[in-house]
Every structure is written in structure tokens, then in C-alpha cells.
Amino acid sequence: MLEALEHCKDVGEALWPWKDTLNNRERTVILKEQRDWRRAVEIFDWFRRERGHDVNVIHYNVVLCAVGRARRWDLVLMLWNEMHFCGVVPNNSTYGTLIDVCCKGGREGVALIWLGDMCKRGLIPDEVTLSIVLQAHKKAGEFEEAECFFKRWSSEHGRRMGGHPCYNLYTYNTLIDTYGKSGQLEKVSGTFDQMLREGVAPNVVTFNTMIHVLGKHHKMEEVASFVSMMEEFQCFPDCRTYNILISLYRENNDIIAAEHYFRKMKTENLAPDAVSYRTLLYGYSIRGMVTKAEALLKEMDERGFLIDEYTQSALTRMYVNAGLLEKAWCWFDKFHYRMNSECFSANIDAFGEARYILLAEKAFICCLKRKMLSVSVCNVMIKAYGLVEKLDEACGIADGMEMHGILPDYLTYSSLIQLLSTAKLPKKAVYYLKKMQTAKLLSDCIPYTLVISSFAKNGDLSMVECLFTEMIASGIRADAFVYAIIIDAYAEVGNVRKAAAYFGLMKKDGLRENPTICNSLIKLYTKVGYLAEARETYKVLKTLNTGANLYASNCMIDLYSDYCMVKEAREVFENLKVGGSANEFSHAMMVCLYKKVGRFDEAHRICKEMQCSGLLTQALSYNSAIQMYVSGGRIGEAFIIFKKMLASKTPLNDATFKALKVILMKGGTTKAEIKKLELLRRNNSHDCLYQWYLALSSAV
């Protein structure tokens, strides 16, 4: 019959001798043996037309499988509807077939709909269908649903079978993989142990899955244990096993172990495939192992293995990072004719990140000529120009995108806004912010934050307010970072009213204080002398579990110093010392405070601490020490500090000379001589410091 069907196109003519004797089993075999789904459908249609050739559910199942594998979903539905019309009741196998072909055809969602229909009819999937359903849930990332379905199936199956269900190897492998992909390592190990207890011998797929799952969770000791276990079970590693091991050890930064398995693969007479070579080659590339990478490339050429685009761009980056620019360009040039847009992006980025802008431009031009330009390529070119501060060129790329039929995306605009804002060009950044708004790409406050921050640094607070108002009006919610920038900007200029207003808005918006905002407020309150408000904010800062910030603590010492509050200042200072964070400013402020209240012994002690700890480096500290010794009448020690200041080449400022002038006057230097020294300083005479030094030395 099969020979007749092969040699005769007309089905009726081919099967004429058997038209009255054909039985159901023969009809099933004939349908199953057809290699072309079209021929199967043609024969099936003939069976339905001819009298005495009733088709049953098995025949429908065979044809559903054929058209499903051909992804003719229209025919699948047609046959399904026809079954109902003809009163043919679908069975377990029908649903199993539909679920299987949908999963293999990438229609996992539809497969799960068929499963739902199956369960409504009270049908329980067999174990093969169970595994297919688990695979469908796994591919869709629905790990909880997969687990729930498995538990329901096990419970129902166990009830019907009258005991604990036993699973086949395929089911165990699917379960291990499903649990592994959802990160449930305990269940992975439990399933493997259960499998062994029930006498189901693991195969190479089981071991490969276990090794891969454990390795992805950095359980490398357990990986080694499973590799050893394979020998115990006489289950020999295949090419995939070695590829998994090479990849895992490469990812865990153990290139020596990766090399070991690559070599072992060869000694076991398993020929490494393209994946083996590419995996190890990528490992060499990202570690800059040029010699080994080139040796492996030579081997790949000899075996006729092609480089994939992912590895190609990694090799370009390797040559660039090694400073082998000629090789890097030759390598790029060799492959650019078959690169896709993504690969062009990676290569341009390799040149751009290393600031080889001319090579990045050349690669970009190649991409243009190949008509492979994309938003990703433009974005990496903008990034490259940004790294070398060629902002006009970066803007030119964005402005010319639409001419090539490419629309800028969120990253395009946000990159430009960041570059321009950082370069203190906020007005230009606003232009791209408006374009971003027009393109409806503004989904968060980050672009606004960048521009607001730039205007704040420039001191343009009217634009800060304007942009903030615009942002809120457009429905974009401000975060704590935006508020921190604005509050800090007003703190810089001492505007308590505005800073407090934005702080109130922030709290109304449901946002909590953070250390940055507290620091800004303390800075503001210190500047305007608001002691109570500063203390309250400092108290809040200490409750934020970040430890009192050094900057805020120094502000508090400064403020307490203004109010001559020795006890409070000393408490903050001692806490900083205990935490090991008291810096030069902390010490200098305490010196000023003790000098102010006439406690020169305490001030002298802190000065000594500063000198011993190497905290006497800045003009403020030197000036505090000199002024303190002068006020305490210890002219000789003041002069010693001055000499240290000169030796450290710390620039002297007005406060320094003011203190030195007091030393001269106390040492009996005449007003006329002091005027001469001041004239030398005003004229910036080359021997000014030398003359002051001589005069001070004489006075002391």
C-alpha cells in the first residue's frame, strides 16, 4: 500500500485494490508513514470521503501531529473543530499531541490553554505530557506554576495508581532543570537523591544539568564532586559536559581549570566543537591573554571553525586594551563585512572606551557604508565622543539620526543630557530635554535631575525652580535626590525659607530625610547660625543608621564654636575620634573654640595631636595654630608652626599674615618696618617670604 501511494499521486487510484479491506490499524500506519504533512492530509481527506472508511481519534491524533509539526495552526484548529462536529471525542493522546506541537512550535501559552481544556474534561496527562507541560512553564519563566502543576499531577496520579508515583528519567531531568532555573537548589538536590533512591540511574543529561545548575550558583566544590560521580556511575562526559565545565570555570575566573577541561576533552578523544573553542577564546580575550588567544585562533582556523560576533568583538577589545591598535583594526576590518549592527556597536565601544576616537570614527563610517546604523551604534558613538569631550560631535550624531531613519531613544537623550550637564552647559542640555519630552521618552526624573544639578552648580536658581515646576506639572514625580540637590543649592546661598519650603514639599511627597538632605540643612543652619534647627537635624541624621556624617559633625563643631558651647562641641569631637573619622578640620575647629574661650592648654594639646597625626597640612589648620599661640602669648611656638608651614609649601593667605603681623608688633617691630613688609607682599616681590621670615626671626 505504501509503495503504491509513493508511486501513484492519486490516493484513490493507489488504494483502489484495498478500498474494501482496509482496517483501522492499516489506516493509522499509512498516515504515520507519510513524510510530507500535505500528503498525510490528502490521504486523511480521502479516508473521510470514502464510504466504509471511518476515521477515529487515533487517525485525528496522527494528522494533528503532522500539521502541528509543520506549524499549520489554522489546520490544527480546523481538525479540532471537525472532530467535535463528527462526534470524535479527544483522548489523552490528542491533548498530549497538541501540547507537544505547540511547545515545540514556540506557542507555550497556547499549550497551557490546551492543558486547561484537558483538565476540564477530567483527563490526567501521562508522564510524557507532564514533562512537556513542565518544559512549557519553564520556558515561560513560570516556575511556581510548574511546581504547582507537578504537585497536583503527582497527587492525582498517586491516588489513581494507589501509591507513591514513580517517575521516569526524562521527568526527573525536567524537574531538576526546572528547580535549577528557579534557583531552588535544595529541591534540585532532593530530586536527584529521590531519583537514586528509586533506582532510576542518572544519564549524562542529568549530570550536565546538575553541574550547570550548581556551577551557576558558584558551588564549584559540588561541581567537582558530580564530575567524579559520573565515573562511579560509568556515565561518561560528552562534549556538552566539557563545554559546561569550561564555561563555568571561565565565569568563576579560573582559566587554568577551564584549560584543563579543554585539554582533557581532547585526551578523551572528544573533538572540541565551535562552542568549546569560542568559550575558552572569550576567556582568554577578556583577560588580555593575547598569545594564548592567537594560538587558539590558529587552531580554530585549521579546523574550519568560524568566530561568532560575540567573541569577535571581545578580541577587538583585547587588542585595544593591550595597545595593539594595528592588530585591533586589522581584526575589525577582517570581519566588518559580515557584522550585524550589534557587533558594530561592540567594536565601536571597544575603540571608544579606550579613547581611540579616530578608530571609533573609522568603524562608525564602515557601519554607515554597510547600512547597519542603529540606535545602539549611535549611542556608543555618542558615548565615545563624550569620553574625549567632543560634545559638538556627540550632538551631531544625535541630530543626524533621523536623517538615517533612526529615532533617538531614552539612552540617546539621557547620555547627551548627562554629558552637557557635566560640562556645565545646562542650557544646551535643556534643548535635548525638550526633544526628549516631545518624543514622550521621559519616564523618570533622572534627565531633569541632571539638568537641575548643573544649573544649581552654576548658581542659576531661577532655572532650578523653573525646571522643577515643569517636571512636576508634566506628571513626573521627584525623588529624594532631586530634593537634595535643590535644598543644597539654597543652603549654599543661605536661603532658609526656600530650603525649608522644598524640604516641606519632599515630606508632603512621602519621601523621608536622607543623609545628603540632612547634611545640606545642617550646612545651611550653620551658615545662618540656626542652632536649634541644626541640633534637631543632626539628631535625625544620627537615627538614619548611617553613623553621623563627618561633614555634618564638623558643621556642628563649627556652630558650637560660634556659640562657645565647649561641652557639646567636645562631645561631637570625641565621638568622631572614637570612630576614627576626626579629620584636620575637626581638630582645627576645636583649636579655634579653645582659643576663643581662653583654654590655651587644651588648644595646645590638640595642636600637638594634629602634628603627631600628620593633620597639619592646610592653611586653615596652620592659621588656627598660629593664632592660638599668638593669643596665648607663646610667640616662639607660633613661629615654629610658621616655619613648618613654609617647609610644607602651604600657601599663606590674609589670615596668616594678619597673625604674623601681631607677632611682629609684640616683638617690637616698628610700624614703618611692618609697612615695608606689607608693601613687599602687595607687590608680590620674589623675596617677600624671605624678608618676612627674617623679620619674624628677629622679633622672636
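Residues to consider are GLU144, GLU127; find the one that is open to solvent by 10 Å² or more (accessible area, probe 1.4 Å), among the charged types (D, E, K, R) and closer than 19 Å to SER182 by Cα.
Unique residue meeting the criteria: GLU144.
Would you confirm, using the coordinates I've provided, whether GLY304 is open to solvent by 40 Å² or more (accessible area, probe 1.4 Å) and of a type outside the set (Ser, Thr, Tyr)?
Working: open to solvent by 40 Å² or more (accessible area, probe 1.4 Å): yes; of a type outside the set (Ser, Thr, Tyr): yes.
When the stated conditions are applied, GLY304 passes them.
Name the single residue that is nearest to GLU513 (Cα to Cα) among those in the range 447-498 being in a helix (DSSP H, G or I) and of a type in the set (D, E, K, R).
Taking the range 447-498 first, the residues in a helix (DSSP H, G or I) are 447-457, 461-473, 480-492, 496-498.
Filter again for of a type in the set (D, E, K, R), leaving 457, 465, 470, 488, 492, 497-498.
Working: LYS457: 22, GLU465: 20, GLU470: 23, ASP488: 13, GLU492: 19, ARG497: 18, LYS498: 17 Å.
Step by step, filter the range 447-498, then rank; the result is ASP488.
Would you mind stating whether ASP654 is more than 30 Å from ASP558 (Cα to Cα) and either crowded, with 18+ Cβ neighbours inside 10 Å or not aromatic (Phe, Trp, Tyr) (or both)?
Values: more than 30 Å from ASP558 (Cα to Cα): no; either crowded, with 18+ Cβ neighbours inside 10 Å or not aromatic (Phe, Trp, Tyr) (or both): yes.
For ASP654, the condition - more than 30 Å from ASP558 (Cα to Cα) and either crowded, with 18+ Cβ neighbours inside 10 Å or not aromatic (Phe, Trp, Tyr) (or both) - is not met.
Specify which of the listed residues (SER285, SER276, SER313) is touching a Lys or Arg at 6+ places or on another chain (Cβ under 9 Å) and either surrounded by fewer than 16 Cβ atoms within 10 Å (Cβ to Cβ) or hydroxyl-bearing (Ser, Thr, Tyr) (or both). Spell out how you get there, then give the answer.
Working: SER276 fails: touching a Lys or Arg at 6+ places or on another chain (Cβ under 9 Å); SER313 fails: touching a Lys or Arg at 6+ places or on another chain (Cβ under 9 Å).
None of the others qualify; the one that does is SER285.
Assuming GLY632 fulfils every condition listed in (1) of a type in the set (Gly, Ala, Ser); (2) over 24 Å from PHE573 (Cα atoms); (3) open to solvent by 20 Å² or more (accessible area, probe 1.4 Å); (4) in contact (Cβ under 8 Å) with a residue 12 or more places away in the chain apart from one, which condition is it?
So GLY632 meets the others, but not (2).
Is one or more of the residues making up the range 429-437 over 17 Å from ARG317 (Cβ atoms) and assigned to a loop (DSSP other than H, G, I, E, B)? Give the derivation first.
Initially, the range 429-437 is screened for residues over 17 Å from ARG317 (Cβ atoms), giving 429-437.
Retained after the next criterion (residues that are assigned to a loop (DSSP other than H, G, I, E, B)): none.
No: the range 429-437 contains no residue that is over 17 Å from ARG317 (Cβ atoms) and assigned to a loop (DSSP other than H, G, I, E, B).
Among the residues in the range 41-49, are any under 21 Å from ASP126 (Cα atoms), out of contact with any Phe, Trp or Tyr (no Cβ under 8 Å at 6 or more places or on another chain) and not β-branched (Val, Ile, Thr)?
Within the range 41-49 (the criterion being under 21 Å from ASP126 (Cα atoms), out of contact with any Phe, Trp or Tyr (no Cβ under 8 Å at 6 or more places or on another chain) and not β-branched (Val, Ile, Thr)), the answer is no, since none of the residues qualifies.
When the range 399-437 is examined, which residues are found to be at positive phi and at pLDDT 95 or above?
Hits for the range 399-437: nothing passes.
How many residues are part of a helix (DSSP H, G or I) and open to solvent by 30 Å² or more (accessible area, probe 1.4 Å) when one looks only at the range 5-40?
Taking the range 5-40 first, the residues part of a helix (DSSP H, G or I) are 5-7, 11-18, 24-32, 37-40.
Right, trim to open to solvent by 30 Å² or more (accessible area, probe 1.4 Å) and you get 6-7, 13, 16-18, 24-26, 29, 32, 37-39.
The total comes to 14.
Please determine whether any residue of the range 60-83 is open to solvent by less than 30 Å² (accessible area, probe 1.4 Å), aromatic (Phe, Trp, Tyr) and more than 30 Å from LEU134 (Cβ to Cβ).
No.
Would the range 275-286 turn up any residue that is assigned to a loop (DSSP other than H, G, I, E, B), under 33 Å from the mean Cα position of the chain (by Cα) and closer than 30 Å to LEU324 by Cβ? Break it down into steps so the answer makes sense when it comes.
Step one: list which residues in the range 275-286 are assigned to a loop (DSSP other than H, G, I, E, B), which gives none.
No, the range 275-286 contains no residue that is assigned to a loop (DSSP other than H, G, I, E, B), under 33 Å from the mean Cα position of the chain (by Cα) and closer than 30 Å to LEU324 by Cβ.
Please state which of the following conditions ASP444 fails to meet, knowing it meets all the rest: (1) assigned to a loop (DSSP other than H, G, I, E, B); (2) in contact with a Ser or Thr (Cβ under 7 Å, 6 or more places away or on another chain).
Here ASP444 clears every test but (2).
Name the residue that is farthest from GLN627 (Cα to Cα), counting only residues in the range 658-668 that are at pLDDT 90 or above and surrounded by 15 or more Cβ atoms within 10 Å (Cβ to Cβ).
Looking at residues that are at pLDDT 90 or above and surrounded by 15 or more Cβ atoms within 10 Å (Cβ to Cβ), I get LEU664.
Can you tell me which of (1) open to solvent by less than 20 Å² (accessible area, probe 1.4 Å); (2) of a type in the set (S, T, N, Q); (3) at pLDDT below 95 is the one GLN234 doesn't meet?
(1)
Just one of ARG263, ARG287 is of a type in the set (Lys, Arg), touching a helix residue (DSSP H, G or I) at 6+ places or on another chain (Cβ under 7 Å) and under 24 Å from ALA224 (Cβ atoms); which is it?
Numbers: ARG263 fails: touching a helix residue (DSSP H, G or I) at 6+ places or on another chain (Cβ under 7 Å).
None of the other options fit; the residue is ARG287.
Being loosely packed, with under 15 Cβ neighbours inside 10 Å and either touching a Leu at 6+ places or on another chain (Cβ under 8 Å) or small (Gly, Ala, Ser) (or both) is the filter here; which residues of the range 465-479 pass it?
ALA473, SER474, GLY475
All but one of (1) farther than 23 Å from TYR483 by Cα; (2) in contact with a Ser or Thr (Cβ under 8 Å, 6 or more places away or on another chain); (3) surrounded by fewer than 23 Cβ atoms within 10 Å (Cβ to Cβ); (4) not basic (Lys, Arg) hold for ILE382, so report the exception by its number.
(3)
Is at least one residue of the range 318-331 within 27 Å of the chain's Cα centre (by Cα), open to solvent by 10 Å² or more (accessible area, probe 1.4 Å) and under 26 Å from VAL451 (Cα atoms)?
Scanning the range 318-331 turns up no residue that is within 27 Å of the chain's Cα centre (by Cα), open to solvent by 10 Å² or more (accessible area, probe 1.4 Å) and under 26 Å from VAL451 (Cα atoms).
Within the range 25-71, track down each residue that is over 24 Å from ALA111 (Cα atoms) and of a type in the set (Asp, Glu).
GLU26, GLU33, GLU42, ASP45, GLU50, ASP54
Of everything in the range 105-144, what is closer than 17 Å to LEU77 by Cα and part of a helix (DSSP H, G or I)? Give them in sequence order.
Of everything in the range 105-144, those that are closer than 17 Å to LEU77 by Cα and part of a helix (DSSP H, G or I) turn out to be GLU108, GLY109, VAL110, ALA111, LEU112, ILE113, TRP114, LEU115, GLY116, ASP117, MET118.
Taking VAL88, is it open to solvent by less than 30 Å² (accessible area, probe 1.4 Å), among the β-branched types (Val, Ile, Thr), assigned to a loop (DSSP other than H, G, I, E, B) and closer than 29 Å to ALA136 by Cβ?
Working: open to solvent by less than 30 Å² (accessible area, probe 1.4 Å): yes; among the β-branched types (Val, Ile, Thr): yes; assigned to a loop (DSSP other than H, G, I, E, B): yes; closer than 29 Å to ALA136 by Cβ: yes.
For VAL88, the condition - open to solvent by less than 30 Å² (accessible area, probe 1.4 Å), among the β-branched types (Val, Ile, Thr), assigned to a loop (DSSP other than H, G, I, E, B) and closer than 29 Å to ALA136 by Cβ - is met.
Return a yes/no flag: does the range 560-570 have any residue that is basic (Lys, Arg) and closer than 22 Å to ILE487 by Cβ. Even if it seems obvious, please write down each step before you answer.
First, pick out the residues of the range 560-570 that are basic (Lys, Arg): 567, 570.
The next check asks that each one be closer than 22 Å to ILE487 by Cβ; those that pass are none.
No: zero hits.
For ALA695, indicate whether it is open to solvent by less than 30 Å² (accessible area, probe 1.4 Å), in contact (Cβ under 8 Å) with a residue 24 or more places away in the chain and in a helix (DSSP H, G or I). Give the derivation first.
Details: open to solvent by less than 30 Å² (accessible area, probe 1.4 Å): yes; in contact (Cβ under 8 Å) with a residue 24 or more places away in the chain: yes; in a helix (DSSP H, G or I): yes.
Criteria met by ALA695.
Which one of the conditions (1) buried (at least 16 other Cβ atoms within 10 Å of the Cβ); (2) more than 20 Å from VAL597 (Cα to Cα) does TYR560 fail to meet, given that it meets all the rest?
(2)
Of the numbered conditions (1) modelled with pLDDT of 80 or more; (2) under 37 Å from the mean Cα position of the chain (by Cα), PHE150 fails exactly one; give the number of that condition.
Unmet for PHE150, out of (1) modelled with pLDDT of 80 or more; (2) under 37 Å from the mean Cα position of the chain (by Cα): (1).
Within the range 41-53, restricting attention to residues that are on the phi < 0 side of the Ramachandran plot and exposed (fewer than 14 other Cβ atoms within 10 Å of the Cβ), which residue is modelled with the lowest pLDDT?
Filtering the range 41-53 down to residues on the phi < 0 side of the Ramachandran plot leaves 41-51, 53.
Those still in the list that are exposed (fewer than 14 other Cβ atoms within 10 Å of the Cβ) too: 45, 48-49, 51.
On the way: ASP45: 86, ARG48: 81, ARG49: 81, ARG51: 65.
Residue satisfying both the conditions and the ranking: ARG51.
Can you tell which of GLU536, GLU584, GLU602, GLU571 is within 15 Å of SER624 (Cα to Cα) and either open to solvent by 50 Å² or more (accessible area, probe 1.4 Å) or in contact (Cβ under 8 Å) with a residue 60 or more places away in the chain (or both)? Break it down into steps so the answer makes sense when it comes.
Details: GLU536 fails: within 15 Å of SER624 (Cα to Cα); GLU584 fails: either open to solvent by 50 Å² or more (accessible area, probe 1.4 Å) or in contact (Cβ under 8 Å) with a residue 60 or more places away in the chain (or both); GLU571 fails: within 15 Å of SER624 (Cα to Cα).
It is GLU602.
The values are calculated or read from the model by the stated rules, or taken from the named source; none is laboratory data. Since this is a predicted model, take the numbers as computed values, not measurements. A quick note on method: Cβ atoms are made from the backbone with ideal geometry, for glycine too, and the neighbour counts reach across all protein chains shown. In case anyone asks, the SASA skips ligands and DNA or RNA and just uses the protein heavy atoms, side chains included. Shrake-Rupley method; radii C 1.70, N 1.55, O 1.52, S 1.80 Å.
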